[in-house]
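The structure appears below as structure tokens.
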Amino acid sequence: VQLVESGGGLVQAGESLRLSCEYSGRAETTYVIGWFRQAPGKEREYVAAVDWNGIITEYADSVRGRFIISKNNAKNVVLLQMNGLETEDTAVYYCGALAGGTWRIAANYDTWGQGTQVTVST
């Protein structure tokens, strides 16, 4: 599966952004699609994930209640709606495809997109 992220940018604290992860590839394999982020000098951090059917979602504690992940199978896209952005949310955001394993562990993911930069200013 191939993944392409888009939608990053520069916003002020309290504002919103919506990231997109377009996926394409092997239809016979079902994947969990997860969002992670990585700030300079830090490890890649789990943000949220959604199952292949778009029904089951899971969030990191740091974003629960502010971010919403959704999946549109007709359009082959996973969205991450980010509301109430904080300066601590500044990072490169990556989407990844997971064939099996714990959703929150980056090493379990089989492939990644190129990332999109999100910068939140005060």
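Cβ contacts < 9 Å: first residue closer than 14 Å to Gly7 by Cα, restricted to the stretch 63-92; second residue open to solvent by 60 Å² or more (accessible area, probe 1.4 Å) and among the aliphatic types (A, V, I, L, M), any location; separation 6+ or different chain. Result?
Leu79/Ile68; Leu80/Ile68; Gln81/Ile68; Met82/Ile68; Asn83/Ile68
Pull up the stretch 55-91, narrow it to residues that are at pLDDT 95 or above and small (Gly, Ala, Ser), then point me to the one that is surrounded by the most Cβ atoms within 10 Å (Cβ to Cβ).
Once the filter is applied, the top-ranked residue is Ala91.
Which numbered condition in (1) open to solvent by 50 Å² or more (accessible area, probe 1.4 Å); (2) over 14 Å from the mean Cα position of the chain (by Cα) is the only one that Val11 fails?
(1)
Six or more apart or on different chains, Cβ atoms under 8 Å: show the pairs whose first residue is in the stretch 39-60 and in contact (Cβ under 8 Å) with a residue 24 or more places away in the chain and farther than 18 Å from Ala99 by Cβ and whose second is open to solvent by 80 Å² or more (accessible area, probe 1.4 Å) and of a type outside the set (Ser, Thr, Tyr).
Pairs that qualify, where the first residue is in contact (Cβ under 8 Å) with a residue 24 or more places away in the chain and farther than 18 Å from Ala99 by Cβ and the partner is open to solvent by 80 Å² or more (accessible area, probe 1.4 Å) and of a type outside the set (Ser, Thr, Tyr), are Ala60/Arg104.
Of all residues in the stretch 42-54, which are open to solvent by 60 Å² or more (accessible area, probe 1.4 Å) and farther than 18 Å from Ala106 by Cα? Spell out the reasoning first.
First, the residues of the stretch 42-54 that are open to solvent by 60 Å² or more (accessible area, probe 1.4 Å): 42-45, 52-53.
If the condition is that a residue be open to solvent by 60 Å² or more (accessible area, probe 1.4 Å) and farther than 18 Å from Ala106 by Cα, then Asn53 is the only one that fits.
The values are calculated or read from the model by the stated rules, or taken from the named source; none is laboratory data. Just so it is clear, the model here is predicted, and its values are computed rather than measured. As a convention, Cβ positions derive from the backbone with ideal geometry for all residues, glycine included, and neighbour counts pool all protein chains shown. Note: areas computed on protein heavy atoms with side chains; ligands, DNA, RNA excluded. Shrake-Rupley method; radii C 1.70, N 1.55, O 1.52, S 1.80 Å.
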